[in-house]
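Trainee: Input: one structure, supplied below.
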Amino acid sequence: MHEVERIEELENLAERIVRSIARLPFAFDGRSLRITASLGIAVFPDHAGSLAELVAAADLAMYHAKSAGKNGWRLYDGQIDASAIERLGWSERIERALAEDLFELHFQGIHGPCGRLSHVEALLRMRDPESGQLVSPLHFIAPAEKTGRIVEIDRWVVGAAVRLLAQHPELPAVAVNVSGRTLAEVRFPTFVLDTLKHHGVAPQRLLLEVTETTAISDMHDANRLLDVMRPAGCRVCLDDFGAGFSSFSYLKHLPADVIKIDGQFVRNVADSREDRLLVQAIVNVARGLGKSTIAEFVEDERTLRTLAELGVEAFQGYHFSKPTPLLPPLLQQHGVLAHPLVGSV
């Protein structure tokens, strides 16, 4: 823009932009939606010595505005914390990974009590654009959610999983994880169904996993997803159940097909009376509501035996298999069922 004499001019302009966008009428699918904007301001040469540095400073200020509650603006002050700088770096790496197809899926089996393979969970990994090293999602998911790139990543995962199902008709089902940001995207259910139809894959072969805390925090968005996906045939799993502020009462309002019991109740279940009581309660409530159960972090035979005695229907963990990028050997090693076990997965 043209040269400004005072910073206040930019601040006033940013305020007018934010307010104007918030007042814009926007209707989608018969509903009135509210649009908000987050703006970052940086000035040359006060905040940067080059165009690239100026854009980076404005980006950092914008992320600061988002973290402060969105629908606002921030002026770069040179004091934005290191986490914001790291987030910007991850944003650039994620953008490159999407552009250069550096994401990949690894797979871990979900098994019945006798070890037969029920279905697999697709676990996302990323090749670092610079080093080529495999990066755990623990490092890039949070920055992707902060910057909004997680929606593109989730779409990539769904597309890759559906293509995999089309290539392997012997595979009963694949489970994929869906983030809170993606839950809020109104077009996501249509994208999923269109992708399944394009590749000729039955919706029953795709299981969408949403964490319990995400589903409860975004109850409206979670139910919108459920209301579209379940009638179409896709099953929905409430992941990490018990990890957050869970209450059984929420299950009445979240009609998921499958409950995955969080690992904190599983790891010591063979030795902990309290964990056994909690797992038993979850299984009883799930069964009464017509939902299936999966236990994650099953790492030995004693744990498996205890969980099976408590009525858990399917199991995931190192006792059966570690995540692997090679799907065919996993299928050959464990065999597959003619139909999924839970949900019936």
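Trainee: Out of all the residues in segment 161-184, which are surrounded by fewer than 18 Cβ atoms within 10 Å (Cβ to Cβ) and either closer than 21 Å to Arg224 by Cα or of a type in the set (Gly, Ala, Ser) (or both)?
Mentor: Going residue by residue through segment 161-184, those that are surrounded by fewer than 18 Cβ atoms within 10 Å (Cβ to Cβ) are 163, 166-170, 180, 184.
Within segment 161-184, Ala166, Gly180, Ala184 qualify.
Trainee: Separate question: Being among the aliphatic types (A, V, I, L, M) and touching a strand residue (DSSP E or B) at 6+ places or on another chain (Cβ under 7 Å) is the filter; apply it to segment 131-152 and report the residue that is modelled with the lowest pLDDT. Let's see the steps before the verdict.
Mentor: So the first thing to find is which residues in segment 131-152 are among the aliphatic types (A, V, I, L, M), and the list is 134-135, 138, 141-142, 144, 150-151.
Filter again for touching a strand residue (DSSP E or B) at 6+ places or on another chain (Cβ under 7 Å), leaving 134-135.
Numbers: Leu134: 90, Val135: 87.
The selected residue is Val135.
Trainee: Kindly provide the set of residues from segment 173-204 that are at pLDDT below 90 and in contact with a Gly (Cβ under 8 Å, 6 or more places away or on another chain), ordered by number.
Mentor: Arg181, the sole residue that qualifies.
Trainee: Quick one: is Val312 surrounded by 21 or more Cβ atoms within 10 Å (Cβ to Cβ), of a type outside the set (D, E, K, R), in contact with a Lys or Arg (Cβ under 8 Å, 6 or more places away or on another chain) and at negative phi?
Mentor: Numbers: surrounded by 21 or more Cβ atoms within 10 Å (Cβ to Cβ): yes; of a type outside the set (D, E, K, R): yes; in contact with a Lys or Arg (Cβ under 8 Å, 6 or more places away or on another chain): no; at negative phi: yes.
Against the criterion (surrounded by 21 or more Cβ atoms within 10 Å (Cβ to Cβ), of a type outside the set (D, E, K, R), in contact with a Lys or Arg (Cβ under 8 Å, 6 or more places away or on another chain) and at negative phi), Val312 does not qualify.
Trainee: I want to confirm something. Restricting to segment 33-51 and keeping residues that are within 27 Å of the chain's Cα centre (by Cα) and of a type in the set (S, T, N, Q), which single residue is surrounded by the most Cβ atoms within 10 Å (Cβ to Cβ)?
Mentor: Step by step, filter segment 33-51, then rank; the result is Ser38.
Trainee: Here's a follow-up. Quick one: in segment 118-135, of everything that is of a type in the set (Gly, Ala, Ser) and either in contact (Cβ under 8 Å) with a residue 24 or more places away in the chain or buried (at least 21 other Cβ atoms within 10 Å of the Cβ) (or both), which residue is farthest from Leu238 (Cα to Cα)?
Mentor: In the first step, residues of segment 118-135 are kept if they are of a type in the set (Gly, Ala, Ser); the result is 118, 122, 131-132.
Applying the additional criterion that residues be either in contact (Cβ under 8 Å) with a residue 24 or more places away in the chain or buried (at least 21 other Cβ atoms within 10 Å of the Cβ) (or both) yields 118, 122.
Numbers: Ser118: 17, Ala122: 16 Å.
By that ranking, first place goes to Ser118.
Trainee: Residue check, Ile94 against (1) touching a residue at least 12 places away in the same chain (Cβ under 8 Å); (2) assigned by TED's automatic domain parsing to the domain that holds Gly159; (3) part of a helix (DSSP H, G or I), all met but one. Which one?
Mentor: (2)
Trainee: Which one of the conditions (1) assigned to a helix (DSSP H, G or I); (2) at pLDDT 90 or above does Leu207 fail to meet, given that it meets all the rest?
Mentor: (1)
Trainee: Could you tell me whether Asp221 is crowded, with 20+ Cβ neighbours inside 10 Å, out of contact with any strand residue (DSSP E or B) (no Cβ under 9 Å at 6 or more places or on another chain) and part of a helix (DSSP H, G or I)?
Mentor: On the way: crowded, with 20+ Cβ neighbours inside 10 Å: yes; out of contact with any strand residue (DSSP E or B) (no Cβ under 9 Å at 6 or more places or on another chain): yes; part of a helix (DSSP H, G or I): yes.
The answer is yes for Asp221.
Trainee: Can you tell me which residues in segment 284-328 are closer than 16 Å to Glu209 by Cβ, outside any loop (DSSP other than H, G, I, E, B) and out of contact with any Phe, Trp or Tyr (no Cβ under 6 Å at 6 or more places or on another chain)?
Mentor: If the condition is that a residue be closer than 16 Å to Glu209 by Cβ, outside any loop (DSSP other than H, G, I, E, B) and out of contact with any Phe, Trp or Tyr (no Cβ under 6 Å at 6 or more places or on another chain), then Ala286, Ser292, Thr293, Ile294, Ala314, Phe315 are the ones that fit.
Trainee: So, one more: Return the only residue of Pro143, Pro169 being in the same structural domain as Glu309 (by TED's automatic domain parsing) and either in a loop (DSSP other than H, G, I, E, B) or over 18 Å from the mean Cα position of the chain (by Cα) (or both). Reasoning before the result, please.
Mentor: Values: Pro143 fails: either in a loop (DSSP other than H, G, I, E, B) or over 18 Å from the mean Cα position of the chain (by Cα) (or both).
Among Pro143, Pro169, only Pro169 is in the same structural domain as Glu309 (by TED's automatic domain parsing) and either in a loop (DSSP other than H, G, I, E, B) or over 18 Å from the mean Cα position of the chain (by Cα) (or both).
Trainee: Search segment 195-218 for residues being among the small types (Gly, Ala, Ser) and surrounded by fewer than 21 Cβ atoms within 10 Å (Cβ to Cβ), and hand back the single one that is farthest from Ala256 (Cα to Cα).
Mentor: Step one: list which residues in segment 195-218 are among the small types (Gly, Ala, Ser), which gives 200, 202, 215, 217.
Checking which are surrounded by fewer than 21 Cβ atoms within 10 Å (Cβ to Cβ) leaves us with 200, 202, 217.
Values: Gly200: 24, Ala202: 19, Ser217: 15 Å.
Checking each candidate, the answer is Gly200.
Trainee: Looking at this structure, is Leu138 closer than 29 Å to Arg93 by Cα, without any contact (Cβ under 8 Å) to a residue 12 or more places away in the chain and not in a strand (DSSP E or B)?
Mentor: Values: closer than 29 Å to Arg93 by Cα: yes; without any contact (Cβ under 8 Å) to a residue 12 or more places away in the chain: yes; not in a strand (DSSP E or B): yes.
Criteria met by Leu138.
Trainee: Can we say Ala256 is under 15 Å from the mean Cα position of the chain (by Cα) and hydrophobic (A, V, I, L, M, F, W, C)? Walk me through it before giving the result.
Mentor: Working: under 15 Å from the mean Cα position of the chain (by Cα): no; hydrophobic (A, V, I, L, M, F, W, C): yes.
When the stated conditions are applied, Ala256 does not pass them.
Trainee: How about segment 223-252: which of its residues are among the aliphatic types (A, V, I, L, M) and at pLDDT 85 or above? Outline the logic, then answer.
Mentor: Of segment 223-252, the ones among the aliphatic types (A, V, I, L, M) are 225-226, 228-229, 232, 236, 238, 243, 251.
Selection gives Leu225, Leu226, Val228, Met229, Ala232, Val236, Leu238.
The values are calculated or read from the model by the stated rules, or taken from the named source; none is laboratory data. Bear in mind the structure is a predicted one, so any value in this text is a computation, not a measurement. Cβ sites come from the backbone with ideal geometry, for glycine too, and all protein chains shown count toward neighbours.
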